[in-house]
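These notes concern the structure reproduced below.
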Amino acid sequence: MSPVLRPGPAATVHELHTAQALDALRRTELARVRAAAASWRNGIGGLLAAVAGFGIVKGRSDIGELTPPWARAVGVLLLLALVIGTAGALSLIRAATGWLRLLPMDEFHSPAYHEHVEALLSVRALRRGIALALAGAALLVAAVAATWYGPARPAGSAAEPARVPQMHVLVVVGLGHGAEDQRVAVRGEQQIGDESQARG
C-alpha cells in the first residue's frame, strides 16, 4: 500500500514572520560581514598607528643604546610584529573586499548559495585577521616596552665603530739615475707617510 501524502498544517503568523526575517538576514549577511570587517580593519589600523607613533615620540630613538641581548630581542619582536601584523592586515582586507578568483560555469549553482559561502569564508578571514592583528599589536607593544625599560649599554662600553676597509697604495715615480723616487703609502683615505729617497 503506497503512502498517502496530505498537506500539512498551515503556517502560523509567527512562523511566517520568522521565515521572512531569516530570508532578510540571508540576503544581507555578506554585506554585514563586509561592513564589520571594514570597521575592524580601520580600527586596528588606527590602533597600530597610535602605538607606533607613541613609541617613536616617547621611547628611545636608537636601540643601539640597549645592551646587545636586549637590542636583539627588540629586533626579533619588531620582525615578528611586522610579519604577523601583515598577515592579519591581509586577512582583514580579504574579509572586507573578498578574494579575486575565477568561477567555472559548471561550478555555479545560484547567487544565494555563493553569497552564503562567501559570507562564511569572510567571517573566518575576519576572525583570523582580528587575532593576528591583535597579536601583532601585542608584539609591537612588547618591543616598545623593551626599548623603554631595557637596560642601557654602560657608558664605557660604546659600540665599536665600523671598521673601514684598508687599502695600501705604493706609488713609485722614477725619472732615471739621480732622480728622486717618491713612495707614498695610503691607508683608507688618509695619507700616513711620505718617504723620499734619492738614488746614489
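At a glance:
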| read-out | value |
| --- | --- |
| J(HN,Hα) series, the range 124-131, from Karplus relation 6.51 cos²θ - 1.76 cosθ + 1.60, nearest Hz, glycine and proline x | 4, 5, 5, 5, 5, x, 4, 5 |
| FRET E, pair T67, L134, Förster distance 45 Å, beta-carbon r, rounded to 0.05 | 0.95 |
| Sorted by Cβ density within 10 Å, fewest first, the residues I84, I93 | I93, I84 |
| Taking the C-alpha atoms of the range 72-115, convex hull volume expressed per residue in Å³ | 87 |
| Distant-in-sequence amide H partners of L66 (H built 1.01 Å from N, under 5 Å) | R153 |
| Proxy reagent accessibility, fewest Cβ within 10 Å first, across L132, L92 | L132, L92 |
| Residues A50 and R101, FRET efficiency given R0 of 35 Å [Cβ-Cβ distance, rounded to 0.05] | 0.50 |
| Cα centroid separation, the range 70-111 to the range 28-55 (Å) | 14 |
| Two-decimal log10 I(q)/I(0) for the range 13-149, as the Debye equation yields it once each C-alpha is a single scatterer, q = 0.12, 0.13, 0.17 Å⁻¹ | -0.62, -0.68, -0.91 |
| Calculated FRET value between R32 and L79, using beta carbons and R₀ = 35 Å, to 0.05 | 0.45 |
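Computed from the coordinates by the stated procedures, all read-outs in this text should not be read as laboratory data. Quick caveat: nothing in here was measured; it's all calculated off a predicted structure. Every residue, glycine among them, receives a Cβ derived from its backbone with ideal geometry; neighbour counts consider all protein chains shown.
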